[in-house]
Each structure stands twice: as C-alpha cells, then as structure tokens.
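See below for the structure under consideration.
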Amino acid sequence: MSKRDYYAVLEVAKTASEPDIKKAFRALAMKYHPDKNPGDKEAEAKFKEAAEAYEVLSDSDKRAIYDRHGFDGLRGQGAGGFQSSEDVFSQFGDLFGDLFGMGGRGRGGKAGPRAGSDLEYVLAVEFMEAAHGCEQEIQVPKHAFCDTCEGSGAKAGSSPQACDVCKGAGEVVQRQAFFHIRTACPRCSGSGKVIRDPCGSCSGSGRQRISEKVKVTVPAGVDEGMQLRLVGKGDVGDRGAPNGNLYITIRLKDHAVFRRDGVHVLCTVPMSFPTACLGGEITIPTIDGDVPYTVDAGTPSGKVVMLRGKGIPSVQGRGRGDQHVQLVVAVPKALTPREDELVRELASLHDTKVREKSLWDDLKTKFNF
C-alpha cells in the first residue's frame, strides 16, 4: 500500500496544533485498535499507519523536515513505519495507558500512594445557630495509622518486603493479541510490597478505627443541605499521600416561630381585632430580638408586611435577607359578658347576623361561669 500524506491520515490541516494532532491520533487509535477489531488486517494496517503519522507529526523536528521535503526527507530519521501493533504499543505505551484508563503509572512504573477516602458527617443545627453561626465539636469515626506498627502493617522488628510477583514494580504486564496491558499486581494490589509478618493489632492493614474530636465552625447563613469541607480530616492516606477530606452536610432543625426561604425569614404574628380596625403598635419577633411595629388602621387579616434586612445573613457575606410577616387577627375563644355585649352591638351596627344567645349563654353571663 502506497503511503498517504500524514496530515490526510490523521484528518487534520497542515496548520494543526500539537494537541489537535494528538487528539486526532487518539480517535483513530481507538477506532482501529486491534482489541476492538480482532483479526481485521485492514484495521491493523490503519492502526499502524495512524501511529506512523503521529510519530512524525508529533515531533517538531521530523514534522519540519516532512513539511519541506516530504517522505524523502525522512529517510534515515527513524520514521520508517511500524512492523506490528506491538511496536506501536512499545513506542506509545504511556499514551495508550492513558487512552484506556490505565494512566498515572508511567511506563514500567508502579502505582503511586493512594489518598485517603473522603468522609461525610450530617450535622443537625438549630435555626438560630444557622442564622448567626456557631462552633460545634463532633466525634468523627475514621481510619488512622495503627499505633502499634505506625502504619507499616508489619510486626515490630520486621518490615514490608518487595513483592515476589511483580518484583516491587507494583504492576504486571499481560499479553493479549498484539498489545500489552499493564494492571495492578494482584499479589500486592499495586504497592510493590507485601507483609510477610503482619502486625497483630491491625492484621497487616496498617490502619485502625478511631473516633476523632473535630471542631466545626458553622458560618452564619448556612442552609439545609449545604456542605462544609474540612481538608485533611477524612481517612488517612498511604505514606506520602494526603488524607481524605471531611464533608459536613447541614440539616436544619425546625423553629417554633420562624421558617426559612433562602435568606428570607417567614413568620406569622397575631394582632387583635381592635388593632386591625383602629391601628396600633404590636411586637414582632425577629432573629435579632423583638421589634415594635405600627399597624395601619384597617389592616386586613392575612396581610404580609416586610421588614427589610431582618432576614438571614448571606453565607457569602453579601448582605442579609428580609423578614416577611403575615399579620393575622387573633380571635378569642371565650368572651367576657361585657365583650360579648360590645361585639353584638357592633354586629347590629353592621347589620350582621350572628348566633342568638341561648338560655345557657344567659345563665353563664348572669352567674359568670
């Protein structure tokens, strides 16, 4: 098969950047990979052709020679093509490791130390604590290094030994068809070491379960479902790797008076019938304490008034919300004889039909019981 122009092979323009060339090669390598096309000679040929084009165009010196002199200029430059797919994997092992999800180890390298696992703790917070902020101390169950072996997993007087399967590399290479697959060593799980004489306290894991006391600063304005992140307060990582993080998920407790709508506070406040009719002053509770409020004459029951800036502080520090107050006329369950008389007189003035007093009502009024 005669050689095709390398830019045409990778389906890129001659002005393509290095990242674009790499992206194009990865797409073709995935499409014509021998593992996806077993026994397909044509796919294997296209696979090798794409690799040859990438080898030249990803090298700035070879690319410059090719741009000026074509294939003839590359003679003696080590760009004679690949004889087999194995040659391709040998040349671009790291790239294919990354392509198929095995990146991060490097060719011939072993798996690096693993970071500790992240943890979550659900923290129930009182309404006022969330509004104003607070500090709480919690107990977090987590994994830490074993006190006895200091995290090595080996019994006192001994130490981990190089794995006899991978010889300390942390990975093994398996051959399948035309390519190699690197996987974590099944014997040492990628660490490159094995414990031959395990610690009696942790059974060789190097970890122990503890309960750590952690101080949590809850900022003013946190809301239901928000998370606080405490860096490094999760499970311990391998030696040389960071600990995991601790995520505090906020749960708000209900309040007897207030409800929340984001940074806004909602509540219901009673007012007497005379106040609603004639106007007057009432007291409205807020998260900062009681405040006086003047009710206008003729205020209907159910009216909502707003107290600017009396809501919840923004957790980002951008001001405060408002408080929305629903004013509701409070209806007494029982009236004194004089109150009953006045209400009936008012009803008659408005030609309002009300329930007539019964004999029992008269007796209760007369004898005040």
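Read the figures in this text as sums done on the coordinates, not as results from a lab. Source: prediction; values computed, not measured. Cβ atoms come from the backbone with ideal geometry, glycine included; neighbour counts cover every protein chain shown.
Please report the orientation-averaged projected area of the stretch 259-329, defined via the convex hull of its C-alpha atoms, in nm².
4.4
With N set to the number of residues, divide the alpha-carbon radius of gyration of the stretch 228-369 by 2.2 N^0.38 Å and report two decimals.
The value comes to 1.80.
Under a point spin-label approximation (7 Å from Cα along Cα-to-Cβ), what is the ALA8-LYS31 distance to one decimal in nm?
1.5
Over 31 Å between Cα atoms, which of LYS213/LYS253; LYS14/LYS48; LYS142/LYS253; LYS253/LYS303; LYS310/LYS353 qualify?
Violating the 31 Å limit, Cα to Cα: LYS310/LYS353.
Name the long-range amide H neighbours of LYS155: under 5 Å, sequence gap of 5 or more, or other chain; modelled H, no Pro or chain starts.
Long-range HN contacts for LYS155: ASP197, CYS199.
Where does the stretch 216-301 land on the Kirkwood hydrodynamic radius, alpha-carbon pairs, in angstrom?
In the stretch 216-301 this quantity evaluates to 17.0 Å.
How far apart, in nm, are two points set 7 Å out from the Cα along the Cα-to-Cβ line at MET128 and at ALA241?
Distance between the two pseudo-spin positions: 4.6 nm.
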